[in-house]
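A.B. asks: One structure, as structure tokens, below. Some questions next.
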Ligand code: HEC
């Protein structure tokens, strides 16, 4: 009889311990996943600057200022008005012509890249949509490098680990977070961390309780 009771108690405790462990692991995993967010390597950003100069600057400007009048003025006279020139003017186009929108946005400088919440969003956009006339035509490494370059120009420091589209989800890109939003993202993190601590407490309690019960069972049986 005493044995059966002891077995029941230890079965129940084992289930608790399992739950405790699972919650604890969840808390740990959350914290690790947060730590897994990382940026890019310095060399990557340097390569990205070269990619930008070769493949992006024609439209986005040598300093990422966008297709400004000042930038177009550095081109040969016949190309300065993109929309009247052969390649992007009235159709039919020559072989490499295409319609160019009137505005090519700036990518570097105050207020730029506002529509991208994280570095992962920026990467996904560039990878899928740029260069405008030939989306997806760059080698994968060039897409990562040019994203790293833009992150660098937006004040996100290199941390020695290669740019990774998954890890980039943890890198906020939009302007400094207003306090309201900051609190909203910090809160779930705090709750999960507390959950992990609580789970540890539950585990400890269960273990101690188990020991006490065992002892009293032994002394009564
Ligand atoms: C032929 C011109 C052209 C080239 C070359 C080009 N882009 Fe663009 N880019 C555009 C245009 C036009 C838009 C606006 C598209 C739209 O609004 O749909 C744009 C938009 C963007 C945006 C979104 C900016 C925002 O705030 O909305 C990013 C980021 C971008 N380009 C990055 C790049 C990168 C990186 C390269 C080089 C790999 C590149 N582009 C090459 C024309 C170009």
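The values are calculated or read from the model by the stated rules, or taken from the named source; none is laboratory data. Because the structure is a prediction, the values reported are computed rather than measured. Quick reminder, even Gly has a Cβ in these numbers, built from the backbone with ideal geometry, and neighbours come from all protein chains shown.
A.B. asks: Please work out which residue is farthest from the ligand (Cβ to nearest atom), limiting yourself to segment 43-54 and to residues that are surrounded by 18 or more Cβ atoms within 10 Å (Cβ to Cβ) and under 16 Å from residue 137 (Cα atoms).
C.D. replies: Step by step, filter segment 43-54, then rank; the result is 48.
A.B. asks: Applying the selection to segment 130-143, what residues are more than 7 Å from the ligand (Cβ to nearest atom) and surrounded by fewer than 16 Cβ atoms within 10 Å (Cβ to Cβ)?
C.D. replies: 134, 135, 136, 137, 139, 140, 141, listed by residue number.
A.B. asks: Which one of these does residue 97 not meet: (1) surrounded by fewer than 18 Cβ atoms within 10 Å (Cβ to Cβ); (2) within 9 Å of the ligand (Cβ to nearest atom); (3) over 16 Å from the mean Cα position of the chain (by Cα)?
C.D. replies: Condition not satisfied by residue 97: (2).
A.B. asks: Here is a check on your reading of the model: is residue 146 under 30 Å from residue 69 (Cα atoms), out of contact with any strand residue (DSSP E or B) (no Cβ under 9 Å at 6 or more places or on another chain), within 11 Å of the ligand (Cβ to nearest atom) and modelled with pLDDT under 95? Before you say what the answer is, go through the steps one by one.
C.D. replies: Numbers: under 30 Å from residue 69 (Cα atoms): yes; out of contact with any strand residue (DSSP E or B) (no Cβ under 9 Å at 6 or more places or on another chain): yes; within 11 Å of the ligand (Cβ to nearest atom): yes; modelled with pLDDT under 95: no.
No: the conditions fail for residue 146.
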